[in-house]
Amino acid sequence: MLDSRMESLLMICEKNSFTKAADALSLTQPAISHHIRALETELGVRLFYRSRGDLKLTPEGEIVAQYARRMKGMHEKMLRALNDAEKQMTSIRVGITHTAESSLIAEVLAKYSTSSPGIRLTIITDTIRNLYEMLDHYELDLAIVEGHPQEGDVNALLLDTDYLVCVVCNESPLAKKSMITLADIRKEKMILRLPGSGTQNLFVSHLESIGQSIEDFDVALEVDNIATIKDLIRKNMGISILARSACMDELRKGKLTALPIENLSMVRQTNILYHKDFSHPEILQAITRLYREAAKIYN
């Protein structure tokens with residue numbers, strides 16, 4: 001069981017308040033304060049800066065909170081493993097990005113789970129940054145992310161190589177072109193992923209590499225949900241820059257048109273990330289095999 005003092009620390013970080021943390025844990029505020037003072041005494045460090053109602057972790061507090069979250073993740077993972085052993089099954093928590101949610105990956109994971117007795121997958125969708133954090137804290141067993149993996153104590157298995165394209169409505173005059181130029185794109189209303197998303201980051205970095213800026217384009221709307229973006233494009237409300245893998249079903253059914261962009265080769269990898277002590281290599285092999293089989297159908 002996770003030390004109650006660590007539980008208090010993590011809840012304070014989540015609620016950004018001693019009072020709210022006490023309420024969430026059904027404790028008194030003096031009890032929460034006692035937990036933090038006891039931790040500070042034991043570790044010999046100050047955990048929080050407090051002034052005029054503002055609460056912030058000290059650098060040492062950041063370290064302690066990170067390890068506390070990792071300890072909690074490991075504890076919960078141990079409980080899941082014990083429960084799995086009793087039921088003779090395997091539970092795997094998989095994190096995917098919003099782009100992956102609209103690609104083959106979610107379909108492949110569902111197919112694997114439903115066709116594999118004794119396997120239960122839990123799929124969690126979040127930003128790349130949050131997925132890395134959850135994997136680091138053992139809150140995930142696998143993370144499927146786009147781009148080059150960050151350095152860390154994880155292994156990476158290449159799942160696919162993808163690239164960004166300009167996606168337009170079939171009724172748009174642009175759909176008749178074999179490729180699109182940046183000059184063409186500047187004339188159009190754009191619907192992009194949110195700032196900080198892997199898709200927008202890759203587009204922006206490639207623009208900057210050729211001396212251009214996203215500010216030169218008419219970005220009318222930024223949306224986190226890729227399905228919403230594709231629906232707006234089909235209604236001819238604008239064009240977008242998306243991963244081709246996120247549009248494969250629509251492209252195969254002729255619902256959208258995807259065009260390469262002149263002078264921009266925005267290629268990126270999709271990797272499965274996992275800890276070095278991940279004990280189910282057969283699951284990785286099965287997911288990879290199913291993905292490649294499914295990709296052949298769409299290609």
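Annotation for the stretch 125-138: at least one member residue is of a type in the set (F, W, Y), in contact (Cβ under 8 Å) with a residue 24 or more places away in the chain and either in a loop (DSSP other than H, G, I, E, B) or in contact with a Pro (Cβ under 6 Å, 6 or more places away or on another chain) (or both). Here the condition is being surrounded by fewer than 16 Cβ atoms within 10 Å (Cβ to Cβ) and touching a strand residue (DSSP E or B) at 6+ places or on another chain (Cβ under 8 Å); of T122, T114, T90, it holds for T122 alone. Which residues, taken from the stretch 43-87, are in a loop (DSSP other than H, G, I, E, B) and touching a residue at least 12 places away in the same chain (Cβ under 8 Å)? Across the stretch 43-87, the qualifying residues are V45, R46, L47, T58. Among residues that are modelled with pLDDT of 90 or more, surrounded by 19 or more Cβ atoms within 10 Å (Cβ to Cβ), within 30 Å of L207 (Cα to Cα) and of a type in the set (A, V, I, L, M, F, W, C), L264 is not included. With the requirement that a residue be of a type in the set (D, E) and either in the same structural domain as H280 (by TED's automatic domain parsing) or modelled with pLDDT of 90 or more (or both), what does the stretch 47-92 give you? Within the stretch 47-92, E60, E62, E76, D84, E86 meet the criteria.
Q212 meets the conditions (1) modelled with pLDDT under 95; (2) in contact with an Asp or Glu (Cβ under 6 Å, 6 or more places away or on another chain); (3) of a type outside the set (S, T, Y) in every case but one. The failed one is (2).
When residues in the stretch 168-217 are screened for being free of Cβ contacts under 8 Å to residues at least 40 places away in the same chain, of a type in the set (A, V, I, L, M, F, W, C) and not in a helix (DSSP H, G or I), 2 of them pass. The listed residues are N225, N236, and the only one of them that is over 20 Å from T99 (Cα atoms), loosely packed, with under 14 Cβ neighbours inside 10 Å and polar (S, T, N, Q) turns out to be N236. Yes or no: the stretch 244-257 includes at least one residue that is surrounded by fewer than 16 Cβ atoms within 10 Å (Cβ to Cβ), in the same structural domain as L192 (by TED's automatic domain parsing) and in contact (Cβ under 8 Å) with a residue 60 or more places away in the chain. Checked against the condition, which is being surrounded by fewer than 16 Cβ atoms within 10 Å (Cβ to Cβ), in the same structural domain as L192 (by TED's automatic domain parsing) and in contact (Cβ under 8 Å) with a residue 60 or more places away in the chain, the stretch 244-257 yields at least one hit.
The values are calculated or read from the model by the stated rules, or taken from the named source; none is laboratory data. This structure is a prediction, so every number in the text was calculated from the model and none was measured. Here Cβ is always computed from backbone atoms with ideal geometry, including for glycine, and neighbour counts include all displayed protein chains.
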